[in-house]
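The values are calculated or read from the model by the stated rules, or taken from the named source; none is laboratory data. Predicted, not measured: the structure shown is a model, and the values here were computed from it. Heads up, the Cβs are rebuilt from the backbone with ideal geometry, glycines too, and the neighbour counts pull from every protein chain shown.
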Amino acid sequence: MKAKKVEGNRIGIIGVGNIGSSILRGLLAADSSTGLERISIYDTNKKALLDFESDSEIKAIVKVCTSNEEVAKNSEVIILAVKPGVMKAVVKEIAPFITADEILISVAAGALTKTIEGYLGEGKKVIRVMPNIGARVSESVCALCKGRYAETDDEEIAKGILSVIGSVYSVSESDLDVITGLSGSGIAFFAAIIDAMADGGVYKGLPRDLALAISAETALGAAKMVLAGDTPSAIQAMTASPGGTTIRGLYAMDSRGVKAAMMTAVIDATERSAEISRMDTANEE
Ligand SMILES: NC(=O)c1ccc[n+]([C@@H]2O[C@H](COP(=O)([O-])OP(=O)(O)OC[C@H]3O[C@@H](n4cnc5c(N)ncnc54)[C@H](OP(=O)(O)O)[C@@H]3O)[C@@H](O)[C@H]2O)c1
């Protein structure tokens, strides 16, 4: 379900690289009736801030701060979108400015809520989210879980914000590694498939732009059918007539191990996410 409002809470984003800027753009693209309040942002990479400093419409909503501390002071909900390697330093830097009523949302792959709570301090609220880059076009899938001190209301606040940029699922923290593989990384796997199918079209003579548009829209159609209730096998059965083109293509995919390759991509990405969590935990011991 997509909620429609981001009202009430002052939001901050620390790190506006790939995912932080995509979340910000998704929030900015939300209908003005969402009651979006001012969003404070900061990034140590000045280039990442440029796009948000120059546009006057964006400037009306986005406050580009001069430090992480300023974002923390300005915000009740802080979205932390930095790489896991700098997470500890950034959380410790902002911890003194985050009260026990405020919420820290981390999108870092593999960073456990208990680890972040350890940096932030006893009793402070952490929500861990795995979004994907689809946020850029308000089509993210977010899975989230709350840490020890966050309450159901805090989870609802996080869901309210993130639902503006796509679907949100509450999950247990132990599921976040596989969701990282399936969705956080998975959107890149789908991009690779769209690209490969477009290449097939180009190989057979289509101009690249046309091949790419048709490939992407075909993926969209399949996704919408699945979400509307058609199973993947029903879509295959409805398309593959005896002796026809589709069954020939499906056989080609099967005989070249496409299914195993896609399953392995998700499994390996999941294992990498778990590996990052273990490294993080080991560093703390
Ligand atoms: N990219 C995705 O699709 C995706 C999806 C789901 C989750 N995530 C998670 O999101 C996090 C960010 O990933 P990303 O791909 O967006 O990385 P990114 O593009 O490198 O963005 C991180 C930004 O944070 C900046 N930064 C570094 N140190 C900082 C500090 N001390 N204070 C403030 N900003 C700082 C970086 O600057 P520099 O460039 O100068 O280092 C960069 O602009 C990761 O933990 C990742 O696991 C990413």
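Under the condition of being crowded, with 18+ Cβ neighbours inside 10 Å, within 14 Å of the ligand (Cβ to nearest atom) and at pLDDT below 90, the residues counted in segment 20-64 number 1. Condition check: within 10 Å of the ligand (Cβ to nearest atom), part of a loop (DSSP other than H, G, I, E, B), at pLDDT 95 or above and buried (at least 22 other Cβ atoms within 10 Å of the Cβ). Does V129 satisfy that? Considered against the rule, which asks whether it is within 10 Å of the ligand (Cβ to nearest atom), part of a loop (DSSP other than H, G, I, E, B), at pLDDT 95 or above and buried (at least 22 other Cβ atoms within 10 Å of the Cβ), V129 comes out as no. Do we have any residue at all in segment 105-117 that's in contact with a Gly (Cβ under 8 Å, 6 or more places away or on another chain), outside any loop (DSSP other than H, G, I, E, B) and within 15 Å of the ligand (Cβ to nearest atom)? Scanning segment 105-117 turns up at least one residue that is in contact with a Gly (Cβ under 8 Å, 6 or more places away or on another chain), outside any loop (DSSP other than H, G, I, E, B) and within 15 Å of the ligand (Cβ to nearest atom). Criterion first (under 28 Å from K114 (Cβ atoms), hydroxyl-bearing (S, T, Y) and more than 18 Å from the chain's Cα centre (by Cα)) does S67 satisfy it? Spelling it out, S67 is indeed under 28 Å from K114 (Cβ atoms), hydroxyl-bearing (S, T, Y) and more than 18 Å from the chain's Cα centre (by Cα). Tell me which of these S174 doesn't satisfy, since it passes every other one: (1) assigned to a helix (DSSP H, G or I); (2) surrounded by 14 or more Cβ atoms within 10 Å (Cβ to Cβ); (3) out of contact with any Cys (no Cβ under 6 Å at 6 or more places or on another chain). It is condition (2) that S174 fails. Residues in segment 209-244 that are assigned to a loop (DSSP other than H, G, I, E, B) and of a type in the set (G, A, S) were compared, and the one that is nearest to the chain's Cα centre (by Cα) is A228. Just to be sure, is M225 in contact with a helix residue (DSSP H, G or I) (Cβ under 6 Å, 6 or more places away or on another chain), aliphatic (A, V, I, L, M) and either closer than 29 Å to V107 by Cβ or not assigned by TED's automatic domain parsing to the domain that holds R128 (or both)? Answer is yes for this residue.
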